[in-house]
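Here is the structure we will look at.
The values are calculated or read from the model by the stated rules, or taken from the named source; none is laboratory data. Computed from a prediction, not measured in an experiment: that's the story for all the values here. Here Cβ is always computed from backbone atoms with ideal geometry, including for glycine, and neighbour counts include all displayed protein chains. Surface accessibility is based on the protein's heavy atoms, side chains included, excluding ligands, DNA and RNA. Shrake-Rupley method; radii C 1.70, N 1.55, O 1.52, S 1.80 Å.
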Amino acid sequence: MKNWKFLTAASALVLMLAACGSEEAETPKTDDTNQATETEKEEVAEESAFPMTVSSLSANRETEEGASITFEDITLEEEPERIISLDYGFLDTLDALGVEGIVGVAAGGGKGNIPAHLKEKYAPSDEIADVGTLKDINFEAVAAANPDIIFISGRQAPFYEELKEITPNVVFIGSDNSNYIDAVYETVDLAAEIFDKADKAEELKAGLQEKVDAVKEKAAGYENALVAMYNDKKVSGFDNGEDSRFAYVYNDFGFVPATTDIKASSHGSDFSYESILAVDPEVLLIVDRTVSDVETIKADIENDIIKQTRAYKEGKIVYLDGTNWYFSSNGITTEADKLQEILDELK
């Protein structure tokens, strides 16, 4: 019996020592786990795009009054969650990419020319502030929306310094017309980089390029074309000059200009109906600046003078949506819609 007790005590001692050894053996495993966790954290930090330096799409811009504005690079410590886009085209691009967090739009008290497909989604509400119009910003509303980032274009460039007082993260996304479609892609890429939407960006750009190619093919079948803008019973003409607002219709969409002798201007020049008849375009593209019903402006455009043009006789007068063409250019969806208008009308 004594031997049994001795063995039992010895066995217990062995088990206790084994348990202690087990605990000591497991201790390094805990250290390894902690080390692995820290390594994972470091890898995630290395993979993160932030902090990120963001440059405006133009280094500087001259206002209509002749003042020069220089846009500074910004540094984003993290992905912006509260966004204001004072440009309808860029708002369209953000929406198409699936970016969330819009907290302010230039709704203009319901009078803003937000593209139709965005109006309901971005109507002013408790979550989305009405921050004025494209050229008359409500700075108090902008500040109250507490944005992490503000995107602006040419119309808001004069207010750059004032907006920077609200947040230093103000990015200019406007661009010139020298490489119009490439500039559209550049805005898409900028948004995709900030908000991690690269795959969707490539998909959207590919879809737009298909329409660009289709319009170029269509344009090649016509001798020439003229872009004119209707506004309050008057018309302005645009050629392919460097400062022409719609130069891209010729330079990027492929139409041959009916004339290259129109005074270059972003707002066009006074271009009478007689002037249109004098250049006699085969295709006449009319941008409706008034954003009215097509039938409303037809009575003015299709007068006795215009009825003498080839465009009228051959049924090649194309009426273009003023919201997309004048107020929300450069958006990835609105540009596709603009191209589709041309394709639909020039069958």
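The set of residues in the range 50-78 that are out of contact with any strand residue (DSSP E or B) (no Cβ under 7 Å at 6 or more places or on another chain) and open to solvent by 80 Å² or more (accessible area, probe 1.4 Å) comprises GLU64, GLU65, GLU72, GLU77, GLU78.
Just the residues that are within 18 Å of GLU186 (Cα to Cα), of a type outside the set (Val, Ile, Thr) and open to solvent by less than 20 Å² (accessible area, probe 1.4 Å), please, taken from the range 79-95. I'd like the intermediate steps shown before the answer.
So in the range 79-95, the residues within 18 Å of GLU186 (Cα to Cα) come out as 85-95.
Of the ones still in play, those that are also of a type outside the set (Val, Ile, Thr) are 85-92, 94-95.
Selection gives SER85, LEU86, ASP87, TYR88, GLY89, PHE90, LEU91, ASP92, LEU94.
Does SER292 count as touching a Gly at 6+ places or on another chain (Cβ under 7 Å) and open to solvent by 20 Å² or more (accessible area, probe 1.4 Å)? Criteria not met by SER292. On inspection, ILE194 does not qualify as modelled with pLDDT of 95 or more, within 17 Å of PHE71 (Cα to Cα) and open to solvent by less than 60 Å² (accessible area, probe 1.4 Å). Are any residues in the range 239-289 over 25 Å from SER175 (Cβ atoms) and either of a type in the set (Lys, Arg) or surrounded by fewer than 21 Cβ atoms within 10 Å (Cβ to Cβ) (or both), and if so, which ones? Within the range 239-289, THR259, ASP261, ASP270, SER272, TYR273, GLU274, SER275, LEU277, ALA278, VAL279, ASP280, GLU282 meet the criteria. Filtered by the rule that a residue be farther than 17 Å from GLN340 by Cβ, assigned to a helix (DSSP H, G or I) and open to solvent by less than 60 Å² (accessible area, probe 1.4 Å), the range 199-238 gives a lone residue, ALA201.
Tell me, which residue of the range 312-347 that is part of a helix (DSSP H, G or I) and free of Cβ contacts under 8 Å to residues at least 12 places away in the same chain is least open to solvent (accessible area, probe 1.4 Å)?
This residue is ASP344.
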